[in-house]
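**Q** Here you go, one structure.
We did not get these values from a lab; they are worked out from the coordinates using the rules stated. Only a predicted model underlies this, so the values are computations on that prediction, with no experimental measurement involved. So basically every Cβ, Gly included, is an ideal-geometry build from the backbone, and we count neighbours across all protein chains shown.
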Amino acid sequence: MAGAEDLERARQAVATVAVEGEIIGYIVDLVRATRQAPSFQLGVSPRGATALLNTARAWAWLSGRSFVTPDDVKALALPCLRHRVALQPDAQMDGVRVDDVLGSILASVPVPR
């Protein structure tokens, strides 16, 4: 069983995972797109962007890498962001789903190379 010391070491290791500026820009662009999406009444906040960044760092570390890739961000965007947005009432009545809007945003925001 992991103790407090193990968790602290893991947290410190995750904090050393490198994130290039292009990846940070990609996260910012994704979050900004949620705020501009007509189907969303409420988009992702700066705290949500930070959560996505930290989650991507942890995923990279768990995957044995010392750096975050755009694929890490894409893989975690839906589970990390879906509860941080709110659909417009008319979009809800039309059957629009949060995951569909987020998927459209992921498909439209340019991915860094």
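**Q** If I filter the range 84-98 for residues that are surrounded by fewer than 15 Cβ atoms within 10 Å (Cβ to Cβ) and basic (K, R), do I get at least one hit?
**A** Yes, the conditions are met somewhere in the range 84-98.
**Q** Does V73 count as out of contact with any helix residue (DSSP H, G or I) (no Cβ under 6 Å at 6 or more places or on another chain), crowded, with 17+ Cβ neighbours inside 10 Å, under 25 Å from L7 (Cβ atoms) and of a type outside the set (S, T, N, Q)?
**A** The answer is no for V73.
**Q** Something else about it: With a cut-off of at least 1 residues that are closer than 19 Å to A107 by Cβ and small (G, A, S), name the helices (runs of 4 or more DSSP H) lying wholly within the range 1-79.
**A** So the answer is 21-36, 46-62.
**Q** Report yes if R9 is in contact with a strand residue (DSSP E or B) (Cβ under 9 Å, 6 or more places away or on another chain) and either polar (S, T, N, Q) or surrounded by fewer than 18 Cβ atoms within 10 Å (Cβ to Cβ) (or both), otherwise no.
**A** It is false that R9 is in contact with a strand residue (DSSP E or B) (Cβ under 9 Å, 6 or more places away or on another chain) and either polar (S, T, N, Q) or surrounded by fewer than 18 Cβ atoms within 10 Å (Cβ to Cβ) (or both).
**Q** When you look at R82, is it in a helix (DSSP H, G or I), in contact with an Asp or Glu (Cβ under 8 Å, 6 or more places away or on another chain), within 14 Å of L106 (Cβ to Cβ) and of a type in the set (K, R), yes or no?
**A** The answer is yes for R82.
**Q** Mind listing just one residue for me: the one in the range 32-55 that is under 9 Å from the mean Cα position of the chain (by Cα) and touching a residue at least 24 places away in the same chain (Cβ under 8 Å) and, of those, surrounded by the most Cβ atoms within 10 Å (Cβ to Cβ)?
**A** L52
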